[in-house]
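The values are calculated or read from the model by the stated rules, or taken from the named source; none is laboratory data. What you are looking at is a predicted structure, and each value in this text was computed from that prediction instead of being measured. In this analysis, Cβ positions are derived from the backbone assuming ideal geometry, glycine residues included, and neighbour counts consider all displayed protein chains. Heads up: the accessible areas ignore ligands, DNA and RNA and are worked out on the full protein's heavy atoms, side chains in. Shrake-Rupley method; radii C 1.70, N 1.55, O 1.52, S 1.80 Å.
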Amino acid sequence: MAEMAAYGISAGQRVAVIWDSSSPVEGLKNLVAKIQALVGPESRVSVENIDQLSRSAHAASSFDVVLSGMVPGSVTLHSVEVLAEIARILKPGGRVLLKEPVAAQIGDNNRIRTAARLPTALTLSGLVEVKELQKEPLTPEETQSVQELLSYHGNDLLSVQMEGKKPNFEVGSSSQLKLSFAKKSASSGKPAVDPAAAKLWTLSANDMDDEGMDLLDSDELLDSEDLKKPDPSSLKAPSCKESGKKKACKNCTCGLAEDLEQEKKESPQPKSACGNCYLGDAFRCASCPYMGMPAFKPGEKILLAENNLHDA
């Protein structure tokens, strides 16, 4: 009974005992019998297998105390899901006591936590006031169970007993906050506004009466420099021609397109080297710029395509 008192179990409490495949049957029966004698016949002690805990359909906040891995000889490992389920079925303010083998340092077996990571896992599951109660080497029987069940062959394992509590509130609970909305004194309000300043910046319907107001002539705001006609060249955007471009952009705004068009109009007509260009293709040279065009009268103005001029 002294051992049960150390677990913090008292009469009338609901207790859950969690076991796994490493738990000796006789040890489990003895532990449950001691707890049942302490809590009394009116309180039921639930015995759950760790692999079936999430399927046991216990309601939230069902137990005052949860013991896991506490059966002598057990080497129980608690997954994240198991710890979360334990936190769920605990009553607000309820306690969990668990024992788990831990490694002195991180090894190849990721299932076994270190002594530093076990408290962190309990905290992340939603428990508070997590603390270590006891740390001791594994017994020969426990070491053999670890080697057989967990395939761990290191010699640095320890058995750590931990305690944690569920916060004194349930997940999703709410509480009304008491806030004070005392009225502020008049002195702490906005600064007083000068009536004269307020009138200066207030626009009324009378202010829109143009007949009673002196309006300024907008032309009087212009000086002689503003009235000068600007030079058209100064209004052009920077020319693409200045940057080395020989072809105008699609939507040219710098004037390069107009300049190129004017150059085409002013460019002289190519002169015939043989004098037979006007007669037709049969009389023209192979490099004649008029090749492919119909015959024309001598002196008649002929417009050549740009590609014909380049080929020539």
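Summary of the geometry: the stretch 81-154 and the stretch 1-65, compared by the centres of their Cα atoms, lie 18 Å apart. The simple Förster model, with R0 at 51 Å and r as the Cβ-Cβ distance, assigns A59 and T253 a FRET efficiency of 0.05. At the residue level, D281 shows approximately 70 square angstrom of accessible surface with a 1.4 angstrom probe and all protein chains present. Accessible surface ranking for W201, W19, 1.4 angstrom probe, highest first: W201, W19. Residue-wise HN-Hα couplings along the stretch 73-79, as the Karplus relation 6.51 cos²θ - 1.76 cosθ + 1.60 with θ = phi - 60° gives them from phi, are x, 7, 10, 7, 10, 10, 6 Hz; Gly and Pro carry x. Across E136, E258, the residue with the most accessible area heads the list, and the full order at a 1.4 Å probe is E258, E136. Beyond 18 Å in Cα-Cα separation lie the following of the pairs K99/K131; K91/K165; K29/K135; K131/K165; K99/K135: K29/K135.
Could you give the dipole magnitude of the stretch 1-111 about its Cα centre, charging the beta-carbon of Lys and Arg +1 and that of Asp and Glu -1, in debye to the nearest 20?
Numbers: 10 positive and 11 negative charges, 58 e Å.
Using Cβ point charges on Lys, Arg, Asp and Glu, the stretch 1-111 gives about 280 debye.
So for H58, H78, H153, what's the accessible-area order with a 1.4 Å probe, most first? Don't skip to the answer; put the middle values down first.
Values: H58 30, H78 5, H153 135 Å².
So, going from the largest accessible area down, we get H153, H58, H78.
Can you pull the accessible area of S287 for me, 1.4 Å probe, Å² to the nearest 10? For S287, the solvent-accessible surface is approximately 90 Å².
For the peptides 155-164, 39-48, the ranking by mean Cβ contacts within 10 Å, running from highest to lowest, is 155-164, 39-48. Taken one residue at a time, the phi angles of the stretch 140-157 give Karplus couplings (6.51, -1.76, 1.60, θ = phi - 60°) of x, 5, 5, 4, 5, 5, 4, 5, 7, 8, 10, 6, 10, 10, x, 10, 10, 7 Hz. Gly and Pro are set to x.
Stretched out fully, how many nm does the piece from I106 to Q262 gain, at 0.36 nm a residue minus the Cα gap?
Values: separation 156, 0.36 × 156 = 56.16 nm, distance 8.45 nm.
The I106-Q262 span can extend by a further 47.7 nm.
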